[in-house]
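The values are calculated or read from the model by the stated rules, or taken from the named source; none is laboratory data. Just so it is clear, the structure is predicted and the values come from calculations on it, not from any experiment. Note: ideal-geometry Cβ built from the backbone for every residue, glycine included; neighbour counts use all protein chains shown.
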Amino acid sequence: MLRLSTGDRVRVFNGRGAEFEAVIEAADRDGVRLTIGAPCTPAPEPRVAITLAQAVLKGDKMDDVVRDAVMIGVAAIHPIVTARSETSIVALARGRRRERWARIAVSSAKQCGRAVVPSIAEPRPFHDLGAPPRADFPRPVLILVEPNTSAGLALADLEPAVPEHATLVVGPEGGWTAEELQTATGLGTFVTLGRRTLRADAMALVALSAMFARWGEF
């Protein structure tokens, strides 16, 4: 905004799907004052509302996952802490990571022209996802697993019928433990991304892209 001047026209959005024309009345380091004008048509949201349940990755890799997931069109993001996550619920709260991810979500929505900012849930332990399934993880629930997992279904073999909602669950760098896979058996369907080794911070974006393509978004 500091690169713009009084009288410049911009678009503003409320994060819940409404977007408006606006004119800058004043802008400085303390804030921006606008005159809100007529509503305008925002970029359309995906026809399948996908919730991403992502195991928190080490370092700043989770920042990239949040940024890319918002860009591709997820409806909500639920950070989860697994047995092999290199952090804890307490450490995430102490570092105010949820607040950081929420800011990244807003920034990514601005950059890609979305008028909806996906919600970022409080981080939770993986075992909270166990059966019975939680209401905030809408079905179908797809759990991303290693290619050598015997029950894994190729994304290309997903049911072609387009759902209204879905949930994608993605694990940490070290993968799922046997106990977690057992818990996940009652949660949803295991799916794989072929036999290439992908970076942990790229898995969600690749899987989400494949899901949207399968369901006719692209």
Scanning the stretch 167-183 residue by residue, those buried (at least 21 other Cβ atoms within 10 Å of the Cβ) and in a loop (DSSP other than H, G, I, E, B) turn out to be 171, 172, 176
Do we find that residue 59 is exposed (fewer than 14 other Cβ atoms within 10 Å of the Cβ), closer than 26 Å to residue 176 by Cβ and modelled with pLDDT of 75 or more in this structure?
-> yes
Any residue in the stretch 34-45 that's exposed (fewer than 10 other Cβ atoms within 10 Å of the Cβ): show its pairings with residues that are polar (S, T, N, Q) at Cβ separation under 8 Å, as long as the two are six or more apart or on different chains.
-> none
Does the stretch 151-159 contain at least one residue that is assigned to a loop (DSSP other than H, G, I, E, B) and of a type in the set (Asp, Glu)?
-> yes
Under 15 Å from the mean Cα position of the chain (by Cα), buried (at least 16 other Cβ atoms within 10 Å of the Cβ) and polar (S, T, N, Q) - does that describe any residue in the stretch 105-119?
-> yes
Residue check: is residue 94 crowded, with 21+ Cβ neighbours inside 10 Å, out of contact with any Ser or Thr (no Cβ under 6 Å at 6 or more places or on another chain) and among the basic types (Lys, Arg)?
-> no
Residue 125 being under 13 Å from residue 169 (Cβ atoms) and surrounded by fewer than 19 Cβ atoms within 10 Å (Cβ to Cβ) = no
Kindly establish whether residue 158 is touching a strand residue (DSSP E or B) at 6+ places or on another chain (Cβ under 6 Å), in contact (Cβ under 8 Å) with a residue 24 or more places away in the chain and in the same structural domain as residue 87 (by TED's automatic domain parsing).
-> no
How many of the residues in the stretch 184-201 are touching a residue at least 12 places away in the same chain (Cβ under 8 Å), in contact with a helix residue (DSSP H, G or I) (Cβ under 9 Å, 6 or more places away or on another chain) and surrounded by fewer than 17 Cβ atoms within 10 Å (Cβ to Cβ)?
-> 1
Checking residue 164 against (1) surrounded by 12 or more Cβ atoms within 10 Å (Cβ to Cβ); (2) touching a residue at least 60 places away in the same chain (Cβ under 8 Å); (3) more than 24 Å from residue 62 (Cβ to Cβ), which test does it fail?
-> (1)
Does the stretch 122-138 include one or more residues that are assigned by TED's automatic domain parsing to the domain that holds residue 54, in a strand (DSSP E or B) and modelled with pLDDT of 90 or more?
-> yes
Scan the stretch 55-83 residue by residue and report those that are farther than 18 Å from residue 106 by Cβ and touching a helix residue (DSSP H, G or I) at 6+ places or on another chain (Cβ under 9 Å).
-> 55, 56, 57, 58, 61, 80, 81, 82, 83
